[in-house]
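Colleague: Below is one structure. I have some questions about it.
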Amino acid sequence: MHHDRHGVDLMEHASVLTPHDLFLFNEGTHFRLYDKLGAHPIRTQDVDGTYFAVWAPNAERVSVMGSFNDWSKDSHHLRPRESSGIWEGFVPGVGKGALYKYHIRSHVGGYQVDKTDPFAVFNEIPPKTASIVWDTHFDWHDGEWMQGRHHRNALNAPLSIYEMHVGSWRRIGEEGNRSLSYHELAFQLPQYLQQMGFTHVEFLPVMDHPFFGSWGYQTTGYFAPSGNYGTPQDFMTLIDQLHQHGIGVILDWVPSHFPTDAHGLAFFDGTHLFEHADPQQGFHPEWNTFIFNYGRNEVRSFLISSALFWLEKFHIDGIRVDAVASMLYLDYSRKEGEWIPNQYGGRENLEAIAFLRRFNEEVY
C-alpha cells in the first residue's frame, strides 16, 4: 500500500465504505452500490487518485492493473475489508481516463484471471475488455420533464412506445454503414419521435456487451452504457434531449442471464459467485449463458443497484425487464429431469420471484 512522504497510510482515509455499507451489502439490501464499489476518482489527504473496490470473497489476492502501471499484476494490491468479501485500495495519481482491470488469484485451485470491473461506468469498445476510470457528472437541463414526469408516466397517461436498437437506427451508408453516435442520435431522434407521435422510446439494452450481434441481450457491464456510441455523458446528452422534447426513456434490462466471457461476471473469483453453481439452475441450455443466483444476498444488491443506477444517474423513466419467464420457471426450456424443483416440489423459482418483487418495490 502507498505511503506518502509523511508516512500516512492514504488508504485509512480513502475508503468510501462504511460498516453500515458492508452490513447492507452482505444482507442483500444495499441498492446504491455504484456509489461505493468500482473505481472512484477522489482526493484524500491532499492527494488525487482513484479508489478501487471489488467483490471477490474467494480470492487469495486481488490487484489492480492498468495503463498506470504497465499492466503489472503485482504492483498495486488491494486489501480485503473485514469479512465482507470486498477488496479495496487507493492508487495515487490515477485519474479519469485511465484503463484498468482486476487481477484475481483465487483460493481455489490456483485459478488466476483478469476481470473487467463489474461496477465500471465506462469500458473499452469490444473486443477490447479494459474498464476506464470515469465519473457520472453531468449538467442536466431536463428539470421541467423531471418535475412533471409523474403525470406523463402515470398508469392512466397515454403511452406509445417506439422500441429501437441504438446500433441499427439510421446507419450512415456512405461511411461504411456505421451506427450513429449517442451525440448524433441526440440531434435526430427526439424530433423524429415527436413527429411520429410517440410518448416514449425504449432502447434495446445499451449496457455494455461483448457481442454486437446479441443486440445487448448478453450483458457484461451492468453499470456501463456501451462505448460503441460514445461516453456515458454522451448517452446522458441523448436522454437530456429526449426529455427536453417531452419524450420518456425506457431501458431494456437483462437480470435473467449473462454471457460466459472470461473477462465478465462468470466464475468471477474462481467460484460461481454471481451464477448458480449447479448447472441445472445456473446454466441456460437455450442461450449458453449463466443464470444469476437470486438467493445470494450480494447478487440481489448488485442487480437492484444496477436498476437504480440508470434511474438515478441517467434520469430514465422506466425499466423493461427481459426474459422474465426464464426467471420465474425452474423448468424453462429444460426437459424432464434437467431441473430442480423448489422446496415445495413446484416449478416456480421462489428466489427469482422474491427478487422481482423487491426490485419492483425499490424502483417504484
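Colleague: State whether region 8-134 is rounded, prolate or oblate according to the following rule on the C-alpha gyration tensor (a ≥ b ≥ c being the square roots of its eigenvalues): a/c under 1.5 gives rounded; otherwise a/b larger than b/c gives prolate, and the remaining case gives oblate.
Modeller: Because its axes are fairly even, with a/c under 1.5, region 8-134 counts as rounded.
Colleague: Would you mind counting up the charge near Arg334? Only other residues with Cβ under 12 Å from its Cβ, with Lys and Arg at +1 and Asp and Glu at -1.
Modeller: Charge balance near Arg334 sits at -2.
Colleague: Here's something else I'd like to know. With the Cα gyration tensor of region 150-274 giving a ≥ b ≥ c as the square roots of its eigenvalues, does the rule (a/c under 1.5 for rounded; else a/b larger than b/c for prolate; else oblate) give rounded, prolate or oblate?
Modeller: Oblate.
Colleague: Taking amide H positions as placed 1.01 Å from N in the peptide plane, with prolines and chain starts having none, which residues 5 or more places from Ser181, or on another chain, fall under 5 Å of its amide H?
Modeller: none
Colleague: OK, next. Rounded, prolate or oblate for region 265-314? Axes are the square roots of the Cα gyration tensor eigenvalues, ordered a ≥ b ≥ c, and the cut-off for rounded is a/c under 1.5.
Modeller: It is prolate, given that a/c is not under 1.5 and a/b is the larger ratio.
Colleague: Here's a follow-up. Beyond a 29 Å Cα-Cα separation, which of these cross-linked pairs lie in this structure: Lys115/Lys335; Lys73/Lys128; Lys73/Lys313?
Modeller: Lys115/Lys335; Lys73/Lys313
Colleague: Moving on. What figure, in Å² to the nearest 10, do you get for the accessible area of Glu27 with a 1.4 Å probe and non-protein molecules left out?
Modeller: Surface open to solvent at Glu27 totals about 80 Å².
Colleague: Same structure again: Calculate, for region 311-364, the solvent-accessible area per residue in square angstrom, rolling a 1.4 angstrom probe over the heavy atoms of the protein chains. Please list the in-between numbers first.
Modeller: Details: 3210 Å² over 54 residues.
I get 59 Å² per residue for this part.
Colleague: On to the next question. For the chain, with only Lys/Arg (+1) and Asp/Glu (-1) charged at the beta-carbon, what is the dipole magnitude about the Cα centre, in debye rounded to 20? Provide the component values of the computation, followed by the final result.
Modeller: On the way: 27 positive and 45 negative charges, 40 e Å.
Computed charge dipole of the chain: roughly 200 debye.
Colleague: Could you size up the charge dipole of region 262-364 around its Cα centre, putting +1 on the beta carbon of Lys and Arg and -1 on that of Asp and Glu, and report it in debye to the nearest 20?
Modeller: Taking the Cα centre of region 262-364 as origin, the dipole is about 100 debye.
Colleague: A follow-up question, please. Compare the peptides 318-324, 88-94 by average per-residue count of other Cβ atoms within 10 angstrom and give them in order, highest first. Mind dumping the intermediate values first?
Modeller: On the way: 318-324: 16.6, 88-94: 20.9.
Top to bottom by mean Cβ count within 10 Å: 88-94, 318-324.
Colleague: Once neighbouring chains are kept in place and the probe is 1.4 Å, which whole percent of the accessible area of the chain is contributed by carbon and sulfur?
Modeller: Exposed carbon and sulfur together represent 51 percent of the surface.
Colleague: Any idea what Rg and Dmax come out to for the chain if you just take the C-alpha atoms, in Å?
Modeller: Expressed in Å, the Cα Rg and Dmax of the chain come to 21.0, 67.
Colleague: Lys/Arg Cβ at +1, Asp/Glu Cβ at -1, dipole of the chain taken about the Cα centre: which of Ser72, Asn123, Ala277 is farthest positive-ward?
Modeller: Ala277
Colleague: Another one. Using only protein heavy atoms and a 1.4 Å probe, report how much of Tyr332 is accessible, in Å² to the nearest 10.
Modeller: It works out to around 70 Å².
Colleague: Also, quick follow-up: How far apart, in nm, are two points set 7 Å out from the Cα along the Cα-to-Cβ line at Thr260 and at Arg347?
Modeller: 2.5 nm
Colleague: Charges only on Cβ, +1 for Lys and Arg, -1 for Asp and Glu: so what's the dipole of region 264-312 about the Cα centre, in debye to the nearest 20? Don't skip to the end; give the middle numbers.
Modeller: On the way: 2 positive and 6 negative charges, 15 e Å.
With Lys and Arg at +1 and Asp and Glu at -1, about 80 debye.
The values are calculated or read from the model by the stated rules, or taken from the named source; none is laboratory data. Computed from a predicted structure; not experimentally measured. When we count neighbours, we look across all protein chains shown, and the Cβ atoms used for this are built from the backbone with ideal geometry, even at glycine. Surface areas here come from the heavy atoms of the whole protein model, side chains and all, with no ligands, DNA or RNA. Shrake-Rupley method; radii C 1.70, N 1.55, O 1.52, S 1.80 Å.
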